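This report refers to the structure that appears directly beneath it.
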Amino acid sequence: MQKDTSSSDASASHIGRVRHRKRPTEATADGNRTNGSVLLVNDQSKYKSMLIRTYSTVWMIGGFALIVYMGHLYIWAMVVVIQIFMATELFNLLRKSSEEKQLPGFRLLNWHFFFTAMLFTYGRFLSQQLVNTVTSDHLLYKVVSGLIKYQMFICYFLYIAGFVWFILTLKKKTYKYQFKQYAWTHMILLTVFAQSSFTVANIFEGMFWFLLPASLIVINDIAAYLFGFFLGRTPLIKLSPKKTWEGFIGASVTTIISAFVLANVMGRFQWLACPRKDLSTGWLRCDPGPMFKPEHYTLGEWVPQWFPWKEVVLLPVQWHAVALGLFASIIAPFGGFFASGFKRAFKIKDFGDSIPGHGGITDRMDCQMVMAVFAYIYLQSFISPQNYSVETILDQIIRNLTFEEQKFLYQQLGEIFHERQLMQS
């Protein structure tokens, strides 16, 4: 009797489950949901979110334009500040207050590694600019030259000091947490410095190579948001449920066209095209090279007779800008997808809340870091001359020769030039 009752109850519950199961038509009628998230085109609160996001974007673009106007050194300072904010957000992801109370000073160790990595990275990338800045002062020049020569040893010593510090702070019952933090710190340093250091290198190679890639990421992000906001119907990827194919394709076309046009505008300003050889903040004037020299193209039979323009003036760098635009629109967004998967793994919506409507600084820099690395590699591979430059040779001389050896080299070069002049006369 009990068996019959239980079996009937089971069958009844089974029937109940079948009756309450959603049909495919009911699922599609439920607001085009993907992964439990509503697409922007159907989001009822999207206009309020758009207003907050637009307000923050205007402030960010305005501040960024002001810093760019102030010059290379201020942009580098901005990058350093961004790195500090990113590191803070990432350090806090695995932080446990209960464990931290047992480890006083442990957080300070993370920042010790952070600033050691900063000294190593920028010491390698900006050594020549630093030397060029202090050449007028003999004493300061000798001090800076010595620091640059032994910079790698100094950074290694600082790292080993941090390593010993970490070993001495190990405590029973917190071993796992401490080693997890140690590994996490090194991953953060790799993520933040290995990529953003290329950003600084691009800045001093010519602000054009920093400003154009960064602008393309901003344009692609805004265009993807707007196309998805008004037209988005087809989900793009499960990691980012609100991303749509309409937004992705519309942003790609917009970014590639913008790259071609912006390169023509930016390339006409010497201040943006010229590389910065020192750490000063003055305006630049130089011969930017053939990449930024206008070339005239006759349209000829390509256009009808009534068309007003028979030729166009383009810069050779515009064709390279198309390659940057393709990468910014197709590959760089995967940096954002990676960050989305990362946040899902940690069950968080954003890395922080420092930017209203956007999240944290890391949320805005995911695609920028991927783009900066590509821009630097592309510049060095296809645009920069492959032979040794005067700056490279000078850098090696300053790093590896003493002051007396440099004076001897200078005298030897003087004798060689004098002999050549006698032979020519």
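The values are calculated or read from the model by the stated rules, or taken from the named source; none is laboratory data. What you are looking at is a predicted structure, and each value in this text was computed from that prediction instead of being measured. All Cβ positions, glycine included, derive from the backbone under ideal geometry; neighbour counts span all protein chains shown. Accessible surface areas use protein heavy atoms only, side chains included; no ligands, DNA or RNA. Shrake-Rupley method; radii C 1.70, N 1.55, O 1.52, S 1.80 Å.
For the chain, what is the mean residue ellipticity at 222 nm derived from helices alone (per DSSP H run of n ≥ 4: -39500 (n - 2.57); sum divided by total residues; nearest 500 deg cm²/dmol)? Roughly -22500 deg cm²/dmol at 222 nm, from the helical runs in the chain.
Binning the C-alpha pair distances of segment 48-142 at 5 Å intervals from 0 yields a P(r) profile of 2, 9, 12, 15, 14, 14, 12, 10, 7, 3, 1, 0 %, listed from the shortest bin outward.
Take every Cα pair under 8 Å whose residues are at least 6 apart in sequence, average their separation, divide by the length of the chain, and the relative contact order is 20 percent. Derived from the Cα gyration tensor, the three semi-axes of the equivalent ellipsoid of segment 325-423 are 51, 18, 10 Å, largest first.
When +1 charges are put on Lys and Arg Cβ atoms and -1 charges on Asp and Glu Cβ atoms, the dipole computed for segment 132-207 relative to its Cα centre reaches about 680 debye.
For segment 142-250, taking Cα atoms only, Rg and Dmax work out to 22.4, 64 Å respectively. Taking θ as phi - 60° and the Karplus parameters 6.51, -1.76 and 1.60, the scalar couplings of segment 212-217 work out to 5, x, 5, 5, 5, 5 Hz in sequence order, x denoting glycine and proline. Taking a Cβ cut-off of under 13 Å around Thr254, the surrounding Lys, Arg, Asp and Glu residues balance to a net charge of -2, with basic ones at +1 and acidic ones at -1.
Placing +1 on the Cβ of every Lys and Arg and -1 on the Cβ of every Asp and Glu, with no other charges, gives segment 268-376 a dipole of roughly 280 debye about its Cα centre. Quick one: with all protein chains in place, what share of the accessible area of segment 364-421 is carbon or sulfur, to the nearest percent (1.4 Å probe)? Percent of accessible area from carbon and sulfur atoms in segment 364-421: 61. Under a no-solvent Debye model with one identical scatterer per Cα of segment 255-402, what's log10 I(q)/I(0) at q = 0.14, 0.15 Å⁻¹? Ignoring solvent entirely, the Cα scatterers give -0.95, -1.01. Compare Leu51, Leu66, Leu409 in a GNM of the chain, Cα atoms joined below 10 Å, and give the one with the largest fluctuation. Its mean-square fluctuation being the largest, the pick is Leu409.
Here is the short version for the chain: Cys155, Cys367 have no other Cys C-beta closer than 4.7 Å.
Calculated on the Cα set of the chain, radius of gyration then Dmax: 28.6, 124 Å. Surface calculation, 1.4 Å probe, protein heavy atoms: Arg268 sits at approximately 120 Å² accessible.
Measuring nothing but alpha carbons in segment 229-301 and taking Rh as the Kirkwood radius, the Rg to Rh ratio lands at 1.22.
As a test of reading the structure, rank Tyr175, Tyr122, Tyr182, Tyr47 by solvent-accessible area (1.4 Å probe, protein chains only), most first.
So the residues, ranked largest to smallest area, are Tyr47, Tyr175, Tyr182, Tyr122.
Computed from point charges on the beta carbon alone (+1 for Lys and Arg, -1 for Asp and Glu), the dipole magnitude for the chain about its Cα centre is near 2120 Debye.
Would you work out if segment 187-252 is rounded, prolate or oblate? Take a ≥ b ≥ c from the square roots of the eigenvalues of the alpha-carbon gyration tensor; rounded if a/c is under 1.5, else prolate when a/b is larger than b/c, oblate otherwise.
Numbers: a/c = 4.67, a/b = 1.79, b/c = 2.61.
Oblate is the answer for segment 187-252, as a/c is 1.5 or above yet b/c matches or exceeds a/b.
Name the lysines eligible as straight-distance cross-link partners of Lys48: C-alpha to C-alpha under 30 Å, and not fewer than 8 places from it in the same chain. Counting by Cα, and skipping residues close in sequence, Lys48 has these lysines nearby: Lys238, Lys242, Lys243, Lys343, Lys347, Lys349. Summary of the geometry: segment 353-402 and segment 212-274, compared by the centres of their Cα atoms, lie 21 Å apart.
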